[in-house]
1. Considering the dipole of the chain built from charges on the beta carbon (Lys and Arg +1, Asp and Glu -1) around the Cα centre, which of 14, 56, 92 is farthest to its positive end?
2. Straight-line reach only, C-alpha to C-alpha below 19 angstrom: list the lysines that residue 170 could link to, leaving out same-chain residues fewer than 8 apart.
3. Return the FRET efficiency for the residue pair residue 66, residue 89: r is the Cβ-Cβ distance, R0 is 41 Å, and the value is rounded to the nearest 0.05.
4. Charges only on Cβ, +1 for Lys and Arg, -1 for Asp and Glu: so what's the dipole of the chain about the Cα centre, in debye to the nearest 20?
5. Given R₀ = 25 Å, FRET efficiency for residue 81-residue 154 by Cβ-Cβ distance, to 0.05?
6. Please identify, among 81, 103, 43, the residue showing maximal mean-square fluctuation in a Gaussian network model of the chain using a 10 angstrom Cα cutoff.
7. Out of [x] 37; [y] 52; [z] 20, which label holds the value of percent of Cα pairs over 29 Å apart that was computed here?
8. Would you calculate the volume per residue, in Å³, of the smallest convex hull containing every Cα atom of the stretch 76-177?
Amino acid sequence: MASRTQKSSNGRWPPEVKDRAKALYLSGQRLKEIAAELGVTSRTLEKWQALGDWKVELLAAQNEQALDAFDGNLSVQNTARANLLRGYQLLSNIGEESLQDDRLRFKDKKQAADIMLEGMKGEVALESVALTMEFFREVAQIIREEVTDDETLQRLAARLTKVGNVYNNKFESIRSA
């Protein structure tokens, strides 16, 4: 724990202490914890926080982390979607090849047609989800470029996430039916 002797002779805190306090705040520590660690009063920290717009920087950092997590999640989902799409394409191809086999009976050809249709439905559904996700991503990018207030950005991001979750839940219930 630091002591109050860190103040300079003119009664001001050195820039390193302010920078350290800000870094601790942006890392998620509360002002009370920072005060205890650095030996700075809570009132001084509140003043630094207000003058330096630390809350805005914290919101911006949180938004960046949320977007990075979204991008990582999207990457995993895209990989899974690509694998699933290949499976649906395989089903479609198998069904189509079976339909062209003259040795198959009508019953077998009906099953082949059903398999081909299921594969095609799956492909269409996955492409629909991909287009919708791309649309949400583009909307989010436009909002990110146009809205400069981090608090508004955070609220919009939360709402877009809810809309995306509602869409995904509806899609999953339709697909599993």
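1. Selected residue: 14.
2. Straight-line reach from residue 170, under 19 Å: 121, 162.
3. Working: r = 34 Å, r/R0 = 0.82.
The computed FRET efficiency comes out at 0.75.
4. Details: 26 positive and 27 negative charges, 180 e Å.
Using only the charged Cβ atoms, the result is roughly 860 debye.
5. Working: r = 28 Å, r/R0 = 1.11.
About 0.35, to the nearest 0.05.
6. Of the options given, 103 has the highest mean-square fluctuation.
7. Derived directly from the coordinates: [y].
8. On the way: hull volume 9.0 nm³, N = 102.
Output value, Cα hull per residue: 88 Å³.
Any read-out appearing in this document is the output of simple, stated calculations on the displayed coordinates, not a laboratory observation. None of the values given here were measured: they were computed from a predicted structure. Every residue, glycine among them, receives a Cβ derived from its backbone with ideal geometry; neighbour counts consider all protein chains shown.
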